[in-house]
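Accompanying notes for the structure given below.
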Amino acid sequence: MQPLPRERHAKRTSDRNFGLVFNKFVDQWPDGATDGLGESKKTWLKKFNGRLTVLPAPVERIKELAENSHGKAVIYQTTGPFVTGLGLPNGAENGFLWHHTLGCPYLPGASVKGMVRAWAEHWLETDSSTIARLFGGDESAPSVGQLIFYDALPVETLHLYTEIITPHTGDWRITETPQDSPPADWISPIPVPFLAVKEGAKFQFAISPRSKASESDLDMALNWLKEALEWIGAGAKTAIGFGRFLTMEDIDRHAQEEKTYQSAYAVSQKKALSNAPPSVGDRAVHDEWGILEIESITGDMATVYSLDEAERTTLPLSELKKQ
């Protein structure tokens, strides 16, 4: 099979389904790339940097499906970078999970279910019978769970950018004899680029009960989802803060709290500065000598020049107030 001509390949990389381009044409490096494979990968990934428009109709269909099944859909916003599918095979070394028809980053319903189950089972130590009832049994007693988790799709335009991993351990993590290749200061780190979603992306998560009898479990599951997204995160590299989500209400509340804090901090700083003792070069006020210029300070005494009296004198710092 003959490779695509360069001009036809360049045209195809401008298609809207970036997932297809990312997975099918990653072997096409830029012409004349002589700056090393790592830079070539970075150059390739930068093709996807920028705004990515998403379709609203699939999000609305999932919302309607969940609500018609007595479930609920909630929009969450990322508080840091988000990346999913790093372990997928790809010529750029690090993969990225794209929706196969929509061409946008997403979280499969199975991944959302696994995250919520892990939170409930390992962090909250929920009893095994409840876990099996809601999420399904294990291989020893297979059964279907009472909760349905839907794909988490972006609800508005995303911003993609290129992140960098810089391993400093050499072959230590990949060799069969790590004792022969320990991490060391003289090993040159090799930057590895990967694609990520910028902070502030909004995704819709949805859960519905499998039967009406399990509707009472929905609120508990939604609360677990909220806690899991905030505390352990979704996707890859959550250990360094990737993949954390908050509800829009929490985002607004945190913004208001930050605004209130900043306002209170500004008031306290202003008060602290006004109550601070004057320093050399400041102007101060004295009940008897009027307006003064502070020329020097020794211990708790200050040598000042009175502008009102046109005289120089020494006064206790405790008697001076900043003008």
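Scanning region 231-261 for residues that are farther than 26 Å from Arg61 by Cα and touching a strand residue (DSSP E or B) at 6+ places or on another chain (Cβ under 8 Å) returns Phe242, His254.
Checking each residue in region 211-268 for being of a type outside the set (Ser, Thr, Tyr), on the phi < 0 side of the Ramachandran plot and not in a helix (DSSP H, G or I) picks out Ile232, Ala234, Ala236, Phe242, Arg244, Phe245, Leu246.
The rows are residues; the columns are (1) of a type in the set (Ser, Thr, Tyr); (2) at pLDDT 85 or above; (3) exposed (fewer than 13 other Cβ atoms within 10 Å of the Cβ).
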{"position": "Ala266", "(1), (2), (3)": "no, no, yes"}
{"position": "Lys270", "(1), (2), (3)": "no, no, yes"}
{"position": "Ser274", "(1), (2), (3)": "yes, no, yes"}
{"position": "Gly281", "(1), (2), (3)": "no, no, yes"}
{"position": "Ser296", "(1), (2), (3)": "yes, yes, yes"}
{"position": "Thr313", "(1), (2), (3)": "yes, yes, no"}
{"position": "Pro316", "(1), (2), (3)": "no, yes, yes"}
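Listed here are the residues, each with its yes/no results for (1) more than 21 Å from Lys63 (Cα to Cα); (2) modelled with pLDDT of 90 or more; (3) of a type outside the set (D, E, K, R); (4) not assigned by TED's automatic domain parsing to the domain that holds Arg61.
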{"residue": "Pro178", "(1), (2), (3), (4)": "yes, no, yes, no"}
{"residue": "Ile187", "(1), (2), (3), (4)": "yes, no, yes, no"}
{"residue": "Gln204", "(1), (2), (3), (4)": "no, yes, yes, no"}
{"residue": "Arg210", "(1), (2), (3), (4)": "no, no, no, no"}
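Checking each residue of region 281-289 against the condition of being assigned to a strand (DSSP E or B) and either acidic (Asp, Glu) or free of Cβ contacts under 8 Å to residues at least 24 places away in the same chain (or both) gives no match. Taking residues in region 109-124 that are closer than 12 Å to Leu229 by Cα, and partners anywhere that are small (Gly, Ala, Ser) and part of a helix (DSSP H, G or I), the pairs with Cβ atoms closer than 6 Å and at least 6 places apart or on different chains are Met115/Ala228; Val116/Ala228; Trp119/Ala228. Summed over region 84-133, the residues that are assigned to a loop (DSSP other than H, G, I, E, B) and more than 20 Å from Ser214 (Cβ to Cβ) give a count of 23. Hey, Ala92 hits all of (1) touching a Leu at 6+ places or on another chain (Cβ under 8 Å); (2) modelled with pLDDT of 90 or more; (3) of a type in the set (Gly, Ala, Ser); (4) farther than 25 Å from Leu147 by Cα but one; which does it fall short on? Among (1) touching a Leu at 6+ places or on another chain (Cβ under 8 Å); (2) modelled with pLDDT of 90 or more; (3) of a type in the set (Gly, Ala, Ser); (4) farther than 25 Å from Leu147 by Cα, Ala92 violates only (2). A single member of Leu225, Leu147, Leu229, Leu218 is under 23 Å from Glu125 (Cβ atoms), in the same structural domain as Val83 (by TED's automatic domain parsing) and in contact with a Pro (Cβ under 6 Å, 6 or more places away or on another chain), and it is Leu218.
Collect the residues in region 158-191 that are assigned to a strand (DSSP E or B) and surrounded by 14 or more Cβ atoms within 10 Å (Cβ to Cβ), keeping them in residue-number order.
Answer for region 158-191, where residues must be assigned to a strand (DSSP E or B) and surrounded by 14 or more Cβ atoms within 10 Å (Cβ to Cβ): Leu158, His159, Leu160, Tyr161, Thr162, Glu163, Ile165.
Scanning region 192-210 for residues that are closer than 28 Å to Thr166 by Cβ, touching a strand residue (DSSP E or B) at 6+ places or on another chain (Cβ under 6 Å) and either assigned to a loop (DSSP other than H, G, I, E, B) or of a type in the set (S, T, N, Q) (or both) turns up Lys198, Glu199, Ala201. It is to be established whether one or more residues within region 143-161 are of a type in the set (D, E, K, R), in contact with a His (Cβ under 8 Å, 6 or more places away or on another chain) and closer than 30 Å to Lys47 by Cβ. Checked against the condition, which is being of a type in the set (D, E, K, R), in contact with a His (Cβ under 8 Å, 6 or more places away or on another chain) and closer than 30 Å to Lys47 by Cβ, region 143-161 yields at least one hit. When Phe194, Phe135, Phe149 are checked against the criterion of being more than 23 Å from Tyr76 (Cα to Cα) and either in contact (Cβ under 8 Å) with a residue 60 or more places away in the chain or surrounded by 15 or more Cβ atoms within 10 Å (Cβ to Cβ) (or both), Phe194 stands alone in meeting it.
The values are calculated or read from the model by the stated rules, or taken from the named source; none is laboratory data. In this text, all values refer to a predicted model and were calculated from it rather than measured experimentally. Using ideal geometry, Cβ is built from the backbone for each residue, glycine included, and neighbour counts are taken over all protein chains shown.
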